[in-house]
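Peer 1: I'd like to ask some things about the structure below.
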Amino acid sequence: MKMTSNKNQNESVSSSPFLPFVAPFGAFLILTQLESLEPLRPYYPWVYVGKILLVGGMCLAFRKSWPVFSTRGLGWAVLFGVVGVGLWVLLAGMGVEKRIVESIPAMKSLFPDRVGFNPFQEIADPIARYAFLIARFIGLALIVPIIEEVFWRGFLLRYLIDDRQFNSVPVGTFSSMSFLLVTLFFGLVHPELVAALFWGAGINLLLYQTRNLWATVIAHGITNLLLGIYVLQYGAWQLW
């Protein structure tokens, strides 16, 4: 009975090629919106931990449907990850989005303010505070890079080339339309639009150079890890 159940489950996943690439990212976005609701804001640290546990479990469940792990292009990935955090901090600090909103108030919905969460002020218990920080860094440097890269560059870049059989498109296949659209969409889901546009274009180019999805995951993880360290060091909680 168990063997039959597992077989049916595997067949169900294989018959839904979009699910392993889209579901973890979709769940993360939905849960991120929920944690910003007024009734849940006092419980944000625990809602965040729950989100990471749930999405992390989805990653484990779907991991066999993703491209096989490879370290090809690791040097390029490390280089981009380090340079990328400097680029992000520099461009985000320029405040271009704020000036756009001041000039064109109707565009405020495109550039929502990122509310910074300072765990040293918001969480009194030291054990709970550091437990949250551990979860936050796991989410920032591991879970988010995996789900975003699997979706943006493992799925959407290829789906925009062939929407019927995206899995038949080799990872790293270039298309000017998919490059431009994924760069734009990636930028629009981040409050730091300008930084996200340049960083997103750069990591697309990294994928074309290495033809390895995991090189982009590693690069993304390094940028996010260093960004998290920067946030802690300088109290730049709005970049959290």
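Peer 1: Being in contact with a Phe, Trp or Tyr (Cβ under 7 Å, 6 or more places away or on another chain), crowded, with 18+ Cβ neighbours inside 10 Å and closer than 22 Å to Leu19 by Cβ: is that true of Trp199 here?
Peer 2: Considered against the rule, which asks whether it is in contact with a Phe, Trp or Tyr (Cβ under 7 Å, 6 or more places away or on another chain), crowded, with 18+ Cβ neighbours inside 10 Å and closer than 22 Å to Leu19 by Cβ, Trp199 comes out as no.
Peer 1: Need at least 3 residues that are over 25 Å from Ala92 (Cα atoms) per element, so show me which helices (runs of 4 or more DSSP H) inside the stretch 114-179 make the cut, counting only ones lying wholly within it.
Peer 2: By residue number, 126-138.
Peer 1: Please pick out the residue among Glu148, Glu122 that is acidic (Asp, Glu) and modelled with pLDDT under 95.
Peer 2: Result of the check over Glu148, Glu122: Glu122.
Peer 1: Please report, ordered by residue number, the helices (runs of 4 or more DSSP H) entirely within the stretch 1-69 with at least 2 residues that are modelled with pLDDT under 90 and more than 22 Å from the chain's Cα centre (by Cα).
Peer 2: Fully inside the stretch 1-69 and qualifying: 2-14.
Peer 1: Scan the stretch 161-186 for residues that are crowded, with 16+ Cβ neighbours inside 10 Å and closer than 15 Å to Leu205 by Cβ and jot them down.
Peer 2: Val171, Gly172, Ser178, Phe179, Val182, Thr183, Phe186
Peer 1: Whether any residue in the stretch 198-208 is part of a loop (DSSP other than H, G, I, E, B) and not charged (D, E, K, R) is what I want to check. Before you say what the answer is, go through the steps one by one.
Peer 2: The first filter runs over the stretch 198-208 and keeps only residues part of a loop (DSSP other than H, G, I, E, B), leaving none.
No, there is no match, as no residue in the stretch 198-208 is part of a loop (DSSP other than H, G, I, E, B) and not charged (D, E, K, R).
The values are calculated or read from the model by the stated rules, or taken from the named source; none is laboratory data. Every value quoted in this text rests on a predicted model; they were computed, and no experiment measured them. As a convention, Cβ positions derive from the backbone with ideal geometry for all residues, glycine included, and neighbour counts pool all protein chains shown.
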